[in-house]
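First up is the structure itself, then whatever we jot down about it.
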Amino acid sequence: MKTILIVGIGAGNPEHMTVQAINALNQADVLFIPRKGDEKVQLADIRRNIVSRYVTRAGSRTVEFDIPVRQTADRSYHQSVDQWHAAIAMAYERLLSGELAEGQTAAFLVWGDPMLYDSTIRIVERVKALGTVTFDYSVIPGITSIQALAASHRIPLNLVGKPVEITTGRRLAESFPGRVETAVVMLDGEQAFMAIEDPDARVYWGAYLGTSQEIIISGRLAEVRQDILRTRAEARALHGWIMDIYLLQKGSDFEE
Ligand SMILES: C[S@@+](CC[C@H](N)C(=O)[O-])C[C@H]1O[C@@H](n2cnc3c(N)ncnc32)[C@H](O)[C@@H]1O
């Protein structure tokens, strides 16, 4: 039997690595590091740095692999993601049959935590369902970008006793401010906050959290959103890529 460890490595700061994650990397014979076309060299370097800093076991090896690019032309969003996952599942299957011997353990290094807007777990399940490679797997949690955002702004995530919705830029309009008082927005390539017209809304924004380039801005949305827009565009032009997340909130702790 082969074993897979799906390891959350934190959201940018190598010190996000938990003791459990460090121990997991040191159990692995093979460390799989994904390379994503839209992520720049810096993210791959953070993963390599984690391996060189924490893996002390002799004899393990690192295998980097390219994540296939998602095709979007002439298909719905769901078709596009489904086909993309199928392509990644084939890549995983090749890695597990070609790079891992019977009885060996592999670790997948996953950004943040594997349960949050990440499909490694569902793709590993997909490979299992194919039935061509026999393996068992475990998941090791990591620090998410939501935790990094809240820590940098020194804020609790929720208002007292109230819910939080985690969503994407594409679907923000459905949730905030109509449905919830607190929304966390990830994967927002459109700056969906620009369309929110609520005078009470506050924003806590962060980019490159946990890294040496971290930027945070907070305040009343109407007052700071132009600043976020400009800062985001400048940072993206400077670094060639950006990863940002924000929390929108209205109301207060003890208000019904
Ligand atoms: C594919 S999701 C992966 C999330 C990851 N599994 C986690 O636990 O945070 C990528 C999105 O997470 C957010 N993100 C991840 N790391 C970040 C960071 N260091 N700074 C800002 N946003 C980050 C961004 O919204 C980005 O578009």
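The values are calculated or read from the model by the stated rules, or taken from the named source; none is laboratory data. Small disclaimer: the values here were computed from a predicted structure and weren't measured. Because the Cβ atoms are built from the backbone with ideal geometry, glycine has one as well, and the counts that use them run over all protein chains shown.
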remark   = Apart from one, (1) assigned to a strand (DSSP E or B); (2) closer than 23 Å to residue 11 by Cα all hold for residue 219; the odd one out is (2)
Qualifying positions in region 222-254 - under 17 Å from residue 198 (Cα atoms) and in a loop (DSSP other than H, G, I, E, B) = 250, 251, 252
request  = State whether one or more residues within region 141-155 are within 16 Å of the ligand (Cβ to nearest atom) and assigned to a strand (DSSP E or B).
outcome  = no
message = Looking for something under 26 Å from residue 7 (Cα atoms) and away from the ligand (no atom under 11 Å from the Cβ) - is there at least one such residue anywhere in region 181-189?
response = no
remark   = Of those in region 221-245 that are touching a residue at least 12 places away in the same chain (Cβ under 8 Å), out of contact with any Lys or Arg (no Cβ under 8 Å at 6 or more places or on another chain) and of a type outside the set (Gly, Ala, Ser), the residue surrounded by the fewest Cβ atoms within 10 Å (Cβ to Cβ) is 229
query = Got a sec? Which of 207, 201, 173 is within 14 Å of the ligand (Cβ to nearest atom) and outside the structural domain of residue 15 (by TED's automatic domain parsing)?
reply = 207
ask   = With respect to residue 134, is the statement that it is within 16 Å of the ligand (Cβ to nearest atom) and surrounded by fewer than 19 Cβ atoms within 10 Å (Cβ to Cβ) true?
value = no
key: Where a residue in region 30-48 is surrounded by 16 or more Cβ atoms within 10 Å (Cβ to Cβ) and of a type outside the set (Lys, Arg) and its partner, wherever it lies, is in a loop (DSSP other than H, G, I, E, B) and modelled with pLDDT under 85, with Cβ under 8 Å and at least six apart   = 43/36
note = Residues of region 198-207 being assigned to a loop (DSSP other than H, G, I, E, B) and either buried (at least 20 other Cβ atoms within 10 Å of the Cβ) or free of Cβ contacts under 8 Å to residues at least 12 places away in the same chain (or both), in sequence order, are 201
task = Determine, yes or no, whether residue 74 is loosely packed, with under 12 Cβ neighbours inside 10 Å, among the charged types (D, E, K, R) and away from the ligand (no atom under 16 Å from the Cβ).
result = yes
task = Kindly indicate whether residue 123 is buried (at least 17 other Cβ atoms within 10 Å of the Cβ), in a helix (DSSP H, G or I), without any contact (Cβ under 8 Å) to a residue 60 or more places away in the chain and within 16 Å of the ligand (Cβ to nearest atom).
result = yes
